[in-house]
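The values are calculated or read from the model by the stated rules, or taken from the named source; none is laboratory data. Fair warning: this is a prediction, and the values are worked out from it, not measured in the lab. For neighbour counting, all protein chains shown are included, and Cβ atoms are generated from backbone atoms with ideal geometry for every residue, glycine included. All accessible areas refer to the heavy atoms of the entire protein, side chains included, with ligands and DNA or RNA removed. Shrake-Rupley method; radii C 1.70, N 1.55, O 1.52, S 1.80 Å.
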Amino acid sequence: MTARNSENPDTGPHFKKVLIANRGEIALRVLEALHSLDIPSVAIYHYVDRKSPVVQIAEEAVEIVGESPSGAHLDIKQIIAICEQLGVDAVHPCYGFLSENAGFARALEDKGITFIGPSPEVIELMGDKITSREFVASQKVPVPPSITLSAGDPGFMQSVIDLGFPLVVKASAGGGGKGMSIVNSKEELESTLRVASSEAEKYFGDDRVYIERYFPSARHIEVQVLGDGQQVIHLGERECSIQRRFQKIVEESPSPVFSEEQAGEKGVKQRESICQAAVAIASAAHYTSAGTVEFLYTPEGEYFFLEMNTRIQVEHPVTEMVYDVDLVKEQIRIAAGHPMSLTQEAVTPVGHAIECRLCAEDAFNGFMPATGKVLLLKSPSGEGVRFNSGLYQGQEITTAFDPMLAKLVVHAGSREDAIGRMVQALRELVLLGIDTNNEYLTRILEHSAFASGEFDTAFVERYADDLVTRHPDKGLLDALLIAGMLSDRNIQRLEEATPQPYDAIGYWRN
């Protein structure tokens, strides 16, 4: 990809060897960036992923073991031992697993291995929801009205009630929508607090929770930032309000809430204000690498800091396509001690991008997790279409990992055209052998409320009846497709005709 907004990013010394501490589509994404920079790579994998594309392509691949596949990827000592054994001098954590683990970053640092991300101190500061809110408030950036759980305070419960319902209970060490519960009445409050504290200790090893005012009609807006120790810039905002159970489903950039059609000149000023707030937070934290500052944006035009993710985001491709930059390569450059190849004045957004998360789940049966074998994968292609996937034919999909299978991203000159292009791409996408949320995503994109751009985080619940009504012929159609395409006599021919996703590195680019 030739970036509009960058000089040659490949000058200067490189790392000798980088280990990718992750799996799936994001591991393949980082591998592509390393290959483009001529940096040797090491992939780690659990046995269940032994045939995955990243294992096939990486210069070296090492099996990791654990009580579970996820547990293996969380084993810091094992990963560091592999780094020392193979002469690895840097680790890219991607997202999830150990990407926001300050202990991991510090353990690597102690061994003289570079963590491709911010410093352990910054991860600790911004990763703790309570501490980060206090820090952000000190920078005069608004935070939602909230109270930290204090069992010994006799006035605690009344203070919480005084915030006003509805409320949201959050784990201080949580993230990605995990460890959150909505409370609508005083009667629910005590039991929710007990459960939330217990679950926070169980899942995060930290029982601290806090309660904040919940804004049911707000939008979820996040700002992409990039810092190199000398400057911090932003690359616009992403609209992340289409969520189910606090998990993002569809993301886009720029947000329609700031468009001239919806907000006029005021929208331009609001966009600049929220982006500058993100830069101020990252600058005050002395942030290096790519990061995301997340906000709530109310119908009244107010915004409140939610959290900062100190890693690359799942939805980073929409920013890459609108700004025509490679955020992963910028991360690697910064970690290697180079200044970023971008300046705030030079980056210019063009057009509109949308991302849909393809997940292994049955949206028409209570979103039950889906398992099975990838019998046929036909990814969409064409101008402005990007398909990020680590899938391969014959792959067994289990519940061992997160249900997200792939990301479909499109770019076009306008939001209307991007929606049309995404709908077409979703219809072209064929994945047989496992239930996915493909049809559900299509219905979201085709919904009039989405097209209007006037929605909020309650979209999925508000329009649930429109989105989850099963087409009466869907089951029969799937059966006919599988029967017709995957009969015994056609399997070999089909496998030969279907390109594997790792046939060519860089397959996910336009």
Check your understanding: Farthest toward the dipole's positive end in the chain, which of PRO349, MET404, THR457, given Cβ charges of +1 (Lys, Arg) and -1 (Asp, Glu) about the Cα centre?
Key -> MET404
Revision key, fill the gap. Expressed per residue, the solvent accessible area of the chain in Å² (1.4 Å probe) is about 42
Check your understanding: What are the semi-axes of the equivalent ellipsoid of the stretch 269-392, taken as the square roots of 5 times the eigenvalues of the Cα gyration tensor, listed largest first and rounded to whole Å?
Key -> 31, 21, 16
Revision key, fill the gap. Between PHE156 and GLU134, the two model label points (7 Å from Cα along the beta-carbon direction) sit apart by a distance in nm of 1.6
Check your understanding: Direction-averaged shadow area of the convex hull around the Cα atoms of the stretch 23-159, nm²?
Key -> 11.8
Review point. Counting only protein heavy atoms and using a 1.4 Å probe, what share of the accessible area of the stretch 331-482 belongs to carbon plus sulfur, as a whole percent?
Key: 52
Review point. To the nearest 20 debye, what charge dipole does the chain have about its Cα centre, counting +1 at the Cβ of each Lys and Arg and -1 at the Cβ of each Asp and Glu?
Key: 400
Point to revise | Net charge contributed by nearby residues that have their C-beta within less than 12 Å of LYS16 (K/R +1, D/E -1) | key: -2
**Study point:** Fraction of accessible area attributable to carbon and sulfur, the stretch 7-153 (%, probe 1.4 Å)
**Key:** 50
**Study point:** the chain: antiparallel DSSP beta bridges as a percent of all, rounded to 5
**Key:** 85
Exercise for review: Assign one of three labels to the stretch 349-392, namely rounded, prolate or oblate, based on the Cα gyration tensor with a ≥ b ≥ c the square roots of its eigenvalues; rounded applies when a/c is under 1.5, prolate when it is not and a/b is larger than b/c, and oblate otherwise.
Suggested key: oblate
Point to revise | Percent RCO, i.e. relative contact order, over the stretch 226-360, from Cα pairs under 8 Å lying at least 6 residues apart | key: 29
Check your understanding: At what distance in nm do the modelled label points of TYR47 and GLU416 sit from each other, each positioned 7 Å from its Cα along Cα→Cβ?
Key -> 5.6
Revision key, fill the gap. By the mean-Cβ-within-10 Å protection proxy, highest first, 225-238, 307-320 rank as 307-320, 225-238
Review point. Within the stretch 53-81, whose backbone N sits under 12 Å from a point 7 Å along Cα→Cβ of THR398?
Key: 66-72
Study note, to complete from the structure: Cβ-Cβ cut-off under 14 Å around ILE130, Lys and Arg +1, Asp and Glu -1: the net charge is -3
Practice item. State the percentage of accessible surface on the stretch 171-273 attributable to carbon and sulfur atoms; use a 1.4 Å probe and exclude ligands, DNA and RNA. Key: 47
Check your understanding: How high is the relative contact order of the stretch 386-456, in percent, counting Cα pairs under 8 Å that sit 6 or more residues apart?
Key -> 25
